[in-house]
Amino acid sequence: MKFVDEFRDPEVINKTAEEIRRLVDPARHYRLMEVCGGHTHAIYRFGLKDILPSNIELIHGPGCPVCVLPMGRIDDGLELAKDSNVVFTAFGDMMRVPGVQGSPLEHKARGMDVRIVYSPADALKLAKANPDKHVMFFAIGFETTAPSTALTIIRARAEGIHNFSVFCNHVTIIPAIRAILDSPDMRLDAFIGPGHVSTVIGCRPYEWIAVNEHKPIVVSGFEPLDMLQSIVMLLRQLKAGEAKVENQYKRVVPWEGNRAALKAMSNVFELRPYFEWRGLGFISQSALRIRDNYAEFDAERRFSVPGVRVTDPKAAQCGEVLKGVLKPAQCKLFGRECTPEHPVGALMVSSEGSCAAYYNYEHRKAMATTLAWPA
Amino acid sequence: MCLAIPGKVIELFPGLPYLATVEVAGVRRKVDLGLLENDMPKSGDWVLIHVGFAMSKISEQDALEQMQTLIMLGESEQAIQEVRGYGLEDADEPEAS
């Protein structure tokens with residue numbers, strides 16, 4: 001419970017943890033999935049597992065955009081940027097993600113014009129400042145970042161910018177949850193719903209999980225107390241045999257979501273018939289592409305995309321970890337060939353990836369204990 | 001990328017209705033308010049920012065709590081570096097005073 005001291009209100013934390021202990025049935029094993037990678041990071045950072053009873057198992061979900069992107073898409077994006085006139089831009093999270101011929105940062109070291117941007121709007125600014133270059137933005141993310149990409153494309157059209165395009169890899173969270181529930185090796189009791197995705201989509205899109213699948217889901221904030229309260233709400237539902245969508249993060253998430261953001265997305269994007277997810281395979285209607293009306297900003301239509309398909313390194317078990325079938329440390333490469341310094345799989349790159357989170361907090365802690373042990 | 005950064009709206013620009021200067025932990029940056037067009041923030045309001053775009057209005061207390069969460073997650077430095085915009089801030093616009 002190393003991080004408990006840092007909690008703002010340890011007394012409330014302790015009371016909530018007590019409530020959790022009161023609610024659990026000792027004869028039952030609970031498998032709760034936190035969908036969002038931000039929650040995964042927070043769970044390890046705050047050492048929440050140490051607070052929870054041992055029969056509550058937290059399964060890490062698919063909500064890490066960098067982790068679910070198949071390697072071939074990285075190679076495709078980098079291939080387009082081999083044209084010396086193209087500037088490759090992406091969020092910092094993407095820069096160390098390995099493609100077959102290396103990560104964007106390694107391509108930069110070999111001379112490619114690769115730039116980190118904080119916002120798609122910065123990529124557009126770069127295009128304006130460099131009219132003789134073509135600036136391509138490698139877009140990733142769920143519904144938290146997709147509206148910003150959409151609005152940037154709308155702004156580019158309004159401002160008459162022609163040397164800007166988007167390589168769109170935006171995905172949507174609901175089909176991924178559906179794929180996980182359809183997976184035969186996956187048994188889950190309930191979901192901790194993503195917080196910031198839900199500021200955009202609201203809570204209504206989760207209703208089928210409660211109604212059709214009879215699984216409780218609670219949209220949760222990111223503080224330790226938020227997550228513990230969400231677990232209390234889930235346990236209460238499970239105890240009562242109920243399945244509802246509840247919103248623990250009301251102070252930020254409106255039930256109906258953000259209509260302006262949804263409108264921007266639907267103006268610019270449409271669903272792809274199918275898209276490949278790392279670890280989950282092809283999922284129908286699970287990703288976004290740019291509508292015909294904005295085709296001039298679609299890098300996939302402006303350039304010829306090789307359509308690279310790459311299977312993950314055989315020894316790496318990213319898929320099983322991503323689906324929650326294996327724990328990070330159960331992968332053969334974990335902590336040996338695959339570390340945050342030298343990632344083989346994407347789950348080790350992003351701070352939201354379960355392997356990186358596990359390595360940075362659990363594994364380092366265990367190694368420190370081992371080293372401190374007298375010989 | 002998925003964790004929002006809280007900021008306070010400092011200045012709106014009459015000629016550019018979707019742009020505002022927002023302050024995050026002492027760092028100022030222009031952000032786009034277009035995704036809040038149905039409920040536009042005013043100067044002094046607090047917002048949650050995702051990749052340069054304000055996504056929701058929040059209370060001051062929630063903003064401080066969100067910043068505390070980022071600090072506890074060890075992501076506040078990265079958040080501030082992001083807010084600095086990797087040097088692209090105001091490449092083509094006058095600096096807000």
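The values are calculated or read from the model by the stated rules, or taken from the named source; none is laboratory data. For clarity, every value in this text was computed on a predicted model and none was experimentally measured. FYI the Cβ positions are ideal-geometry reconstructions off the backbone, even for glycines, and counts take in every protein chain you see.
Each row is one residue, and each column tells you yes or no for (1) at pLDDT 80 or above; (2) of a type in the set (Val, Ile, Thr); (3) at negative phi.
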| position | (1), (2), (3) |
| --- | --- |
| B:Val9 | yes, yes, yes |
| B:Ala20 | yes, no, yes |
| B:Asp32 | yes, no, yes |
| B:Trp46 | yes, no, yes |
| B:Ile58 | yes, yes, yes |
| B:Met67 | yes, no, yes |
| B:Leu70 | yes, no, yes |
| B:Leu88 | no, no, yes |
| B:Asp92 | no, no, yes |
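Any idea how many residues of the range A:285-311 are small (Gly, Ala, Ser), out of contact with any Pro (no Cβ under 6 Å at 6 or more places or on another chain) and at pLDDT 95 or above? Before you say what the answer is, go through the steps one by one.
Residues of the range A:285-311 small (Gly, Ala, Ser): A:286-287, A:295, A:299, A:304, A:307.
From what's left, out of contact with any Pro (no Cβ under 6 Å at 6 or more places or on another chain): A:287, A:295, A:299, A:304, A:307.
If we keep only those that are at pLDDT 95 or above too, we end up with A:287, A:295, A:299.
Qualifying residue count for the region: 3.
Condition check ((1) within 19 Å of the chain's Cα centre (by Cα); (2) more than 8 Å from chain B (Cβ to nearest Cβ)) across all residues:
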residue	(1), (2)
A:Arg96	yes, yes
A:Tyr118	yes, no
A:Asp122	no, no
A:Val135	no, yes
A:Pro147	yes, no
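Kindly indicate the residue of the range A:309-326 that is under 18 Å from the mean Cα position of the chain (by Cα), part of a loop (DSSP other than H, G, I, E, B) and not hydrophobic (A, V, I, L, M, F, W, C) and also surrounded by the fewest Cβ atoms within 10 Å (Cβ to Cβ) among those meeting that condition.
A:Lys323
I need the full set of residues from the range A:241-283 which are more than 14 Å from chain B (Cβ to nearest Cβ) and not in a strand (DSSP E or B), in order please.
Initially, the range A:241-283 is screened for residues more than 14 Å from chain B (Cβ to nearest Cβ), giving A:241-246, A:269-283.
Answer for the range A:241-283, where residues must be more than 14 Å from chain B (Cβ to nearest Cβ) and not in a strand (DSSP E or B): A:Gly241, A:Glu242, A:Ala243, A:Lys244, A:Arg272, A:Pro273, A:Arg278, A:Gly279, A:Leu280.
A:Arg336: loosely packed, with under 15 Cβ neighbours inside 10 Å and either of a type in the set (Phe, Trp, Tyr) or closer than 30 Å to A:Asp83 by Cα (or both), yes or no?
Working: loosely packed, with under 15 Cβ neighbours inside 10 Å: yes; either of a type in the set (Phe, Trp, Tyr) or closer than 30 Å to A:Asp83 by Cα (or both): no.
For A:Arg336, the condition - loosely packed, with under 15 Cβ neighbours inside 10 Å and either of a type in the set (Phe, Trp, Tyr) or closer than 30 Å to A:Asp83 by Cα (or both) - is not met.
Quick check: is even one residue across the range A:104-116 facing chain B (nearest Cβ under 10 Å) and of a type outside the set (Asp, Glu)?
The answer is yes; a qualifying residue exists.
Quickly run through the range A:133-153 and pick out the residues that are more than 15 Å from A:His170 (Cβ to Cβ) and either without any contact (Cβ under 8 Å) to a residue 40 or more places away in the chain or of a type in the set (Val, Ile, Thr) (or both).
The answer is A:Val135, and nothing else.
Condition (residue is among the hydrophobic types (A, V, I, L, M, F, W, C), more than 30 Å from A:Ala357 (Cβ to Cβ) and crowded, with 19+ Cβ neighbours inside 10 Å) applied to the range B:24-38: is it met by at least one residue? It would help to see each step written out before you state the result.
Going through the range B:24-38, the residues among the hydrophobic types (A, V, I, L, M, F, W, C) turn out to be B:24-25, B:27, B:31, B:33, B:35-36.
If we keep only those that are more than 30 Å from A:Ala357 (Cβ to Cβ) as well, we get B:33, B:36.
Next cut, crowded, with 19+ Cβ neighbours inside 10 Å only: B:33, B:36.
Yes, there is a match, as at least one residue in the range B:24-38 is among the hydrophobic types (A, V, I, L, M, F, W, C), more than 30 Å from A:Ala357 (Cβ to Cβ) and crowded, with 19+ Cβ neighbours inside 10 Å.
When the residues of the range A:189-240 are narrowed to those that are of a type in the set (Lys, Arg) and under 15 Å from A:Val24 (Cβ atoms), which ends up farthest from the other protein chains (Cβ to nearest Cβ)?
Residues of the range A:189-240 of a type in the set (Lys, Arg): A:204, A:215, A:236, A:239.
Applying the additional criterion that residues be under 15 Å from A:Val24 (Cβ atoms) yields A:236, A:239.
Values: A:Arg236: 24, A:Lys239: 29 Å.
If we take residues in the range A:189-240 being of a type in the set (Lys, Arg) and under 15 Å from A:Val24 (Cβ atoms), then A:Lys239 is farthest from the other protein chains (Cβ to nearest Cβ).
Hey, A:Tyr274 hits all of (1) surrounded by 15 or more Cβ atoms within 10 Å (Cβ to Cβ); (2) touching a Ser or Thr at 6+ places or on another chain (Cβ under 9 Å); (3) of a type outside the set (Asp, Glu) but one; which does it fall short on?
Going through (1) surrounded by 15 or more Cβ atoms within 10 Å (Cβ to Cβ); (2) touching a Ser or Thr at 6+ places or on another chain (Cβ under 9 Å); (3) of a type outside the set (Asp, Glu) one by one, A:Tyr274 breaks only (1).
Kindly indicate whether any position in the range A:301-308 is in a loop (DSSP other than H, G, I, E, B) and basic (Lys, Arg).
To start, the set of residues in the range A:301-308 that are in a loop (DSSP other than H, G, I, E, B) comprises A:303-308.
Those left that are additionally basic (Lys, Arg): none.
No, the range A:301-308 contains no residue that is in a loop (DSSP other than H, G, I, E, B) and basic (Lys, Arg).
Is it the case that the range A:3-15 has a residue that's more than 30 Å from A:Asn169 (Cβ to Cβ) and either part of a strand (DSSP E or B) or modelled with pLDDT of 95 or more (or both)?
First pass over the range A:3-15, keeping only residues more than 30 Å from A:Asn169 (Cβ to Cβ): A:3-15.
From what's left, either part of a strand (DSSP E or B) or modelled with pLDDT of 95 or more (or both): none.
Among the residues of the range A:3-15, not one is more than 30 Å from A:Asn169 (Cβ to Cβ) and either part of a strand (DSSP E or B) or modelled with pLDDT of 95 or more (or both), which makes the answer no.
Would you say A:Glu159 is surrounded by fewer than 20 Cβ atoms within 10 Å (Cβ to Cβ) and more than 13 Å from chain B (Cβ to nearest Cβ)? Don't jump to the end; show me each part of the working.
Numbers: surrounded by fewer than 20 Cβ atoms within 10 Å (Cβ to Cβ): yes; more than 13 Å from chain B (Cβ to nearest Cβ): no.
In short, no.
Are any of the residues in the range A:40-59 aliphatic (A, V, I, L, M), part of a loop (DSSP other than H, G, I, E, B) and within 22 Å of A:Ile140 (Cβ to Cβ)? Lay out the reasoning, then the answer.
Step one: list which residues in the range A:40-59 are aliphatic (A, V, I, L, M), which gives A:42-43, A:48, A:51-52, A:56, A:58-59.
Filter once more, so that each one left must be part of a loop (DSSP other than H, G, I, E, B): A:52.
Within this subset, residues satisfying the condition of being within 22 Å of A:Ile140 (Cβ to Cβ) are none.
No; the residues of the range A:40-59 include none that is aliphatic (A, V, I, L, M), part of a loop (DSSP other than H, G, I, E, B) and within 22 Å of A:Ile140 (Cβ to Cβ).
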